[in-house]
Amino acid sequence: MPTVGVGAGGGRDVRGAVLAGQIDAARATLSAEEGPDVVLVCFDHEHYAAAQRARRAAGVGAELAAELGDDLQARIEGLAVHARAGRLVPFVGAGVSMGAGLPSWVGLLDELIAEAGMEDDRAALDRVDLRDRAALIQSRLGAGELERILLERLTAADRVALQHQLLASLPVTEAASTNWDDLFERAWRDAGAGRVAQLPFDGQTGADHWIVKLHGTVRHGQLHGVVLTRDDYLRFGAERNALAGIVQSLLLTRHMLFVGFGLSDETFHRIAHDVRQVLEDGSGIPERTGTSYATSLSPSRHTVTAELWKGQLDVVSTRRAEDGEGRAGTAPAARRLEIALDVLGMLSVDPLGHLLDPSFDGALTADERRLAEALRRFASEADPLLPAAGPAGRAIGRWLDRMREH
C-alpha cells in the first residue's frame with residue numbers, strides 16, 4: 001500500500017497525518033484474528049523513517065512486543081541499540097533465501113542427487129559428510145553440468161524474501177553471507193543502498209555498501225568462487241584468508257546478527273575459533289572478553305548449540321513450547337522471526353528524524369511534537385549566528401544538518 005498524495009499531491013504538507021491515517025486503517029483491517037499483512041511502500045529513507053515513527057506513535061510497537069514476549073523483545077531492543085550506533089552487521093544464511101523459494105543446503109543436495117541419477121545410492125549418501133556428498137555428485141555430473149544446474153536453480157527466484165527486505169531496511173552498510181545467490185544484494189539496492197560491492201569480486205571504491213561473499217556468488221549470470229566440496233573448503237583456508245580476516249574483524253569490532261544460518265559451517269567455525277582465541281588469551285580486547293560478540297536468530301530450538309557458544313554467541317530461538325516440535329512448530333516460529341526483524345527495523349530508525357520538518361508532525365506523539373517545536377525555534381534563532389561562531393557554530397551546524405537530512 002503506497003502513501004498516496006504526499007509527493008506532488010495535496011497531502012505533502014501533512015505527510016505525517018496521512019501516514020497516521022493509513023496505519024489506523026491498516027490496524028482496523030488487522031483487527032480480525034486472521035487478517036492479512038499490510039505492507040507500507042515507502043518512497044525513500046525519509047518516508048520510511050517517518051512511517052516507522054508513525055507506527056510507534058500509534059502503539060504498533062507495543063502490540064508487536066506482546067507478540068514476541070518479554071525476553072525476545074529485550075534481545076531485539078539490544079540489537080536496535082547496535083544498529084542505531086552503526087555497529088550491527090547482518091550475516092545472511094540460506095534459511096533467509098528459502099523464503100524466496102530457494103532450497104536449503106541439504107535440500108539442494110537432495111535435488112542434485114536426483115539430477116545425477118543417484119537415487120539408488122541415497123541411503124549410503126545420507127551417511128556421508130555433506131561436503132563429500134557434494135564431491136560425489138560433482139564427480140557423477142561433471143563440473144560443467146553441476147555449474148549449469150546450480151546457476152539455473154539459483155537464478156530461478158524472481159523475487160526476494162520478506163526477511164531479505166526487513167534486513168536490507170536496517171541502517172547497516174556492511175554484511176556477510178555464505179549464500180551463492182545475490183538476493184540480499186538485490187533487496188539492499190531496492191532499499192536505496194546504491195552501489196553494493198561483493199567482496200572479493202568488487203573493489204570498495206565508490207561502493208555505498210559491501211558484503212563479504214565467503215562461499216562465492218552469482219555475478220552477471222555466472223557463478224564465481226563457489227565453495228561446495230571438501231576440496232573447496234580446504235582451498236578456502238589457503239586462498240580466502242583475507243575474507244576470513246574481514247569477518248574476524250567484524251566479529252571483534254561490531255555485533256554480528258546471524259539470520260537463517262545454522263552455525264555448522266566449517267568456514268565459520270575456523271573464523272570463530274580464531275576470534276575466540278583472541279578474546280580468551282591475554283591479548284584479548286578487555287571490554288569484549290566474556291561477552292557475546294554476535295546474536296543468532298532462528299526459528300529452530302538450538303539448546304545444545306546455545307550451550308556450545310555460550311559467552312561468545314547469543315543463540316536465540318523464536319520457537320515456543322506451544323508451537324510444537326519438528327515441522328509443526330516451524331511456521332509460527334518463522335512468523336515470530338519475521339515480526340522480530342520488523343520490530344528491529346522500527347526501533348532502529350534514527351530518533352532525530354523529521355523533528356525539524358513540520359509536515360511529519362502527524363507521525364509524532366504529543367511529547368515529540370512539543371520537542372520538535374522547541375527545536376525549530378532553536379534552529380530558527382541559531383542559523384543566522386552559526387557562521388560567526390567559529391568551531392562551535394560549525395559543530396552545531398553539522399548537528400542541525402544531520403537532523404534535516406533524516
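The values are calculated or read from the model by the stated rules, or taken from the named source; none is laboratory data. Note that the structure is a prediction, hence the values are computed from the model and not measured. We place every Cβ from the backbone using ideal geometry, glycine too, and count neighbours over all the protein chains shown. Surface accessibility is based on the protein's heavy atoms, side chains included, excluding ligands, DNA and RNA. Shrake-Rupley method; radii C 1.70, N 1.55, O 1.52, S 1.80 Å.
Here are the numbers:
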quantity: Residue identified as touching a residue at least 12 places away in the same chain (Cβ under 8 Å) and of a type outside the set (Ser, Thr, Tyr) among Ala50, Ala8; calculated: Ala50
quantity: Odd one out for Ala50, checked against (1) out of contact with any strand residue (DSSP E or B) (no Cβ under 6 Å at 6 or more places or on another chain); (2) surrounded by fewer than 16 Cβ atoms within 10 Å (Cβ to Cβ); calculated: (2)
quantity: Members of region 301-328 found to be within 24 Å of Ala272 (Cα to Cα) and at pLDDT below 70, listed by number; calculated: His302, Thr303, Val304, Thr305, Ala306, Glu307, Leu308, Gly311
quantity: Filter pass, Ala26 being crowded, with 19+ Cβ neighbours inside 10 Å and closer than 17 Å to Val349 by Cα; calculated: no
quantity: Some residue of region 101-110 being on the phi > 0 side of the Ramachandran plot and under 25 Å from the mean Cα position of the chain (by Cα); calculated: yes
quantity: Only listed residue being more than 16 Å from Glu338 (Cα to Cα) and surrounded by fewer than 21 Cβ atoms within 10 Å (Cβ to Cβ), chosen from Gly69, Gly5, Gly61, Gly16; calculated: Gly5
quantity: Count of region 331-373 residues which are open to solvent by 20 Å² or more (accessible area, probe 1.4 Å) and among the small types (Gly, Ala, Ser); calculated: 4
quantity: Residue check, Ala331 hydrophobic (A, V, I, L, M, F, W, C), modelled with pLDDT under 90 and either within 20 Å of the chain's Cα centre (by Cα) or farther than 25 Å from Arg15 by Cβ (or both); calculated: yes
quantity: Subset tally (residues that are aliphatic (A, V, I, L, M), within 30 Å of Leu64 (Cα to Cα) and part of a helix (DSSP H, G or I)) for region 343-394; calculated: 8
quantity: Matching residues, region 386-406, being open to solvent by less than 60 Å² (accessible area, probe 1.4 Å) and either polar (S, T, N, Q) or closer than 23 Å to Ser359 by Cβ (or both); calculated: Gly397, Leu400, Met403, His406
